[in-house]
Each structure stands twice: as C-alpha cells, then as structure tokens.
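Have a look at the structure below, then the notes.
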Amino acid sequence: MALSTASTNKADAKPLLSTRSIWNMSVGFLGIQAGFALQNGNASTILQRYGADVHELPNFWLVAPIIGMIVQPIIGYYSDHTWNRWGRRRPYFLAGAIAACFGMMLMPNAGMFAAVLPLVLVGAGMLMIMDAAFNVAMEPFRALVADKLPSAQRTMGFSAQTALIGIGAVIGSWLPWFLAKKAGVVDTAADGVVPDNVKWSFYIGGILLLAAILWTVFTTREYSPKEQAQFGGEPEVKSTKRGIASILEDLKNMPKAMRQLGWVQFFSWFALFSMWVFTAPAIAHHVYGCAIDDNSSQAFSDAGNWTGIIFGVYNGVSAVFALCLPYIAARIGRKNTHAVALVCGGLGLISIYFANSPNFLIFSMIGVGIAWASILAMPYAMLAGSIPAHKMGVYMGIFNFFITIPQIVSGVVNRPIVKHLYGNNAIWAIVMGGVFFLFAAVAVRFVEDKDDVVNA
C-alpha cells in the first residue's frame with residue numbers, strides 16, 4: 001500500500017513533541033534490553049552448564065521466536081482496542097515487566113527444581129517465561145512511538161529508542177564481567193551450577209527492567225482515541241471479524257512495503273540469531289582454544305564473560321550510531337543508510353573468523369553495532385508511514401513475524417548443519433550469519449519507501 005499525500009498530511013497533523021518527551025517514552029526499552037542482553041550473552045552458557053550440547057542450543061533458542069510470533073500480534077491487536085485510565089499501550093508494558101522480572105530471578109536458579117525435572121528442561125522453561133514477558137513488554141513500545149510522533153519526528157523517535165536499547169544492552173552485557181573482575185564476585189562453578197556473578201547480574205537486571213518500565217509509565221501520556229481523531233488519524237473501519245480472525249485478515253492485507261521489508265528482516269534476523277546462539281561457543285573454541293566439549297574450565301568462563309563484553313561493545317556502538325541515523329538518513333535516504341549499515345554488520349561477523357586474540361573481537365563488533373542500530377530503527381521508520389493509524393499495534397506485531405520466522409528457520413537448519421557439516425565448530429555459523437547480513441543489504445534496495453524525505 002503506497003502512502004498517499006493525504007496520509008502523510010495526517011501523520012504531520014500530530015503536534016511536535018519535545019526532545020525530553022521523545023526520550024521518556026522509550027526509557028522502558030533500556031530496561032527491557034538490559035534483560036534481553038543478559039539472556040543473549042548468558043543463556044547458551046547457562047544451558048551448557050545444565051547439560052546441553054553445542055548443537056542442541058538452537059533447539060532451546062527456538063522458544064524465543066515461536067513465543068514472539070504468537071504473543072506480539074495478539075498484544076498488538078488488543079492494545080489497539082484497549083483504552084483505560086492507564087492508556088492503550090502502558091498496561092501491557094507493566095504486565096510484561098513484572099513477569100520478566102520474575103523469570104530473570106528464576107533462570108539462574110534452576111537447581112532448586114532439580115528434584116522435579118532435569119536441569120536443562122527447567123532452564124528452558126525459565127527461558128520461555130522470560131521470552132514471553134519480554135515480548136509482552138516490548139511490542140507496544142514500537143506502536144507507542146508511531147502513535148505519538150508525526151512523520152517529521154519518526155526517525156528521531158526510533159533512533160532515540162535504539163540509543164536507549166544500546167545503553168541498556170551495554171549494562172546487561174557487561175554486568176557479569178564487571179561483578180567478576182571489578183567487584184570480586186565468584187565467576188566459576190561446578191557443572192549444573194550457575195556462577196554467582198551471573199546470578200547477581202540477573203537479579204540486578206530484573207530490578208532495572210521493572211524500574212525503567214515504571215519510568216515510561218509515569219512520564220508518558222498517551223493520546224486518547226478522540227485526540228487521535230482530532231489529529232487526523234484514520235477512522236477505525238468496523239469489521240465483523242474479531243480477535244485471531246481479524247489478525248489473519250490484516251496479515252492477508254498487509255501493506256506492500258511490509259512485504260518488501262520482510263526479506264530484509266529475514267536475512268538480518270537469521271544472522272542475528274546465529275550470532276546470539278553461537279558466539280560464546282565459537283570464541284571459546286576458536287579464540288580461547290577450549291575443547292568443543294569443555295563446559296566448566298576457567299577458559300570457558302573467561303570466554304563467556306568476554307562474550308558479554310563484546311556484546312556490550314556492539315550495543316554501545318549502536319547507542320552512539322543511532323544518534324547519527326536521522327542525519328545520515330536525511331542525506332542519503334533510509335534505504336541507503338540501512339544497506340550500508342548491514343554491509344558493516346556482515347563484514348564484522350565474517351571478520352571474527354580471522355580473530356587472533358580476544359581484543360580483535362572488539363573491532364568485529366563495531367561493524368555489528370552499526371548494523372544493529374539500523375536494524376532497530378530504519379525498518380520501523382520505513383514501515384510506520386504505510387500503516388493505517390488505527391492498526392498500528394497489530395501491524396507492528398505482525399511485522400514481528402519477519403523477525404521470528406527467520407530465527408525459527410535459523411534454529412532448525414543450524415542444528416544439523418553445525419553438528420554434521422561444521423563438526424560442532426560454531427565459528428562457521430558466525431561466518432554464515434555475516435553472509436546473510438550481506439544478502440539483507442541487497443534486499444533493502446528493492447523496498448519502496450515513499451514516506452522518505454532526502455535533503456539534497
């Protein structure tokens with residue numbers, strides 16, 4: 001669906017918001033991403049400590065995209081149809097934050113349930129709880145930015161959101177290393193036990209997540225349906241279909257730009273999923289020289305801690321680069337900006353193969369950070385202009401299909417590939433992820449972004 005001049009004018013009818021308001025509405029994402037970064041950097045090593053083999057890790061990580069694919073469109077649909085004294089999106093932020101905090105407290109303490117179920121299954125269950133809660137809290141934030149901001153501020157809004165995501169992810173990624181190396185918290189443990197530095201990192205991350213969500217809840221006022229109509233928002237078209245039937249109807253009628261962005265997202269998130277699952281075991285074996293079946297040595301712990309550090313690097317780079325995105329996009333356009341960033345990410349992942357020391361990985365992550373900043377901002381900025389105002393939540397949720405499906409595909413195909421083709425040497429999964437980033441850079445060239453304005 002192409003964006004008409006009329007719809008552009010409607011988007012512009014919303015009042016410009018202050019810089020402070022734009023940042024306040026996204027502070028909650030800082031907390032969500034701190035929790036998400038702790039999960040990304042530590043879930044694989046936790047599950048290995050609980051008894052999972054390297055080639056089995058994608059099976060456990062499939063929980064996240066499957067839950068996201070189910071939860072996000074449903075939350076988007078119901079948030080579109082919710083209005084009470086807490087607003088439209090904020091009730092879902094708060095419910096998700098409480099559940100996520102609960103899951104983060106339990107994930108590193110699966111041992112208390114060992115008498116009932118195998119540790120690895122309990123760990124997978126806690127991972128499922130966290131994933132579901134993160135998705136409940138996360139989905140409405142994208143819709144909130146699109147709800148509140150006119151077209152002229154949309155790229156800035158998603159860029160601010162990305163910067164806060166980066167800051168939160170740095171905190172979450174670096175917490176285990178900081179507690180172990182700077183605060184003296186023990187970072188080794190026997191098989192089946194999570195080290196204290198990781199446990200305390202999850203406790204702190206859970207509290208931060210809840211506090212950040214509360215900040216957004218109490219500092220951000222949402223526009224009522226009546227105000228949205230006054231700003232020129234499209235009137236809701238009544239449909240005889242409700243719930244899942246309505247979501248499926250919207251899926252069938254998705255805008256053209258969303259379909260085109262789907263290929264970009266597929267290649268991008270296939271690469272990201274591979275990176276999150278396999279970076280820790282890849283650098284443990286390829287850089288630190290650990291045996292493939294080594295899950296408890298000091299070198300293995302050091303590799304896990306360094307994975308958190310380099311994940312913090314790419315998130316820190318994304319936080320800084322996100323502030324540059326509005327200016328770059330104004331000069332060369334959103335599509336060109338995103339394509340260049342994805343190429344940087346692809347080269348960054350591929351370069352990990354050539355790492356001859358842990359410090360080399362810092363340079364690899366600079367490219368990944370540039371790509372990550374753009375992935376969190378540019379597709380949504382390109383998408384929002386093509387979505388009807390009264391369906392912003394459900395379409396942002398449906399767009400999540402193009403994030404979750406590639407992760408599911410990556411998880412399914414990587415398991416036999418890593419085991420049989422790569423001989424459990426995870427570095428090749430990282431290289432393949434870099435190639436997929438390059439595919440995404442090509443795919444973005446075919447996206448129609450008629451809402452984009454480029455300054456000559």
Name the residues in region 195-221 that are outside any helix (DSSP H, G or I) and among the polar types (S, T, N, Q), would you? 220
Output yes when any residue across region 58-81 is free of Cβ contacts under 8 Å to residues at least 12 places away in the same chain and either aliphatic (A, V, I, L, M) or within 18 Å of residue 194 (Cβ to Cβ) (or both), and no when none is. yes
Specify which of the listed residues (90, 85) is basic (Lys, Arg) and closer than 15 Å to residue 134 by Cα. 90
Would you mind listing the helices (runs of 4 or more DSSP H) fully within region 39-135 where at least 3 residues are touching a Leu at 6+ places or on another chain (Cβ under 7 Å)? 90-106
Do we have any residue at all in region 1-16 that's within 28 Å of residue 231 (Cβ to Cβ), surrounded by fewer than 22 Cβ atoms within 10 Å (Cβ to Cβ), at pLDDT 80 or above and small (Gly, Ala, Ser)? no
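Quick grid of which residues meet (1) farther than 26 Å from residue 252 by Cα; (2) among the acidic types (Asp, Glu); (3) at pLDDT below 85:
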position	(1), (2), (3)
387	no, no, yes
391	no, no, yes
395	no, no, yes
399	no, no, yes
406	no, no, no
415	yes, no, yes
422	yes, no, yes
427	yes, no, no
454	yes, no, yes
Of the residues in region 147-177, how many are β-branched (Val, Ile, Thr) and either touching a strand residue (DSSP E or B) at 6+ places or on another chain (Cβ under 8 Å) or more than 22 Å from residue 211 (Cβ to Cβ) (or both)? 1
So which residues in region 68-83 are crowded, with 23+ Cβ neighbours inside 10 Å and touching a Gly at 6+ places or on another chain (Cβ under 7 Å), if there are any at all? 72, 73, 75, 76, 79, 80
Give the residue, chosen from 288, 327, that is more than 22 Å from the chain's Cα centre (by Cα) and over 30 Å from residue 398 (Cα atoms). 288
So, of the residues in region 403-421 that are surrounded by 20 or more Cβ atoms within 10 Å (Cβ to Cβ) and of a type outside the set (A, V, I, L, M), which turns out to be nearest to residue 386 (Cα to Cα)? 404
Take the residues in region 43-67 that are crowded, with 24+ Cβ neighbours inside 10 Å and of a type in the set (Gly, Ala, Ser), then tell me which one is modelled with the highest pLDDT. 43
Take the residues in region 348-371 that are without any contact (Cβ under 8 Å) to a residue 60 or more places away in the chain and over 15 Å from residue 282 (Cβ atoms); name whichever of them is nearest to the chain's Cα centre (by Cα). 370
Six or more apart or on different chains, Cβ atoms under 6 Å: show the pairs whose first residue is in region 171-192 and touching a residue at least 60 places away in the same chain (Cβ under 8 Å) and whose second is surrounded by fewer than 17 Cβ atoms within 10 Å (Cβ to Cβ). 191/296
Across region 219-257, what is the number of residues that are surrounded by fewer than 16 Cβ atoms within 10 Å (Cβ to Cβ), touching a helix residue (DSSP H, G or I) at 6+ places or on another chain (Cβ under 8 Å) and modelled with pLDDT of 75 or more? 2
Could you say which residue among 87, 103 is within 28 Å of residue 394 (Cβ to Cβ), in contact with a Gly (Cβ under 9 Å, 6 or more places away or on another chain) and surrounded by 18 or more Cβ atoms within 10 Å (Cβ to Cβ)? 103
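The values are calculated or read from the model by the stated rules, or taken from the named source; none is laboratory data. In this text, all values refer to a predicted model and were calculated from it rather than measured experimentally. For neighbour counting, all protein chains shown are included, and Cβ atoms are generated from backbone atoms with ideal geometry for every residue, glycine included.
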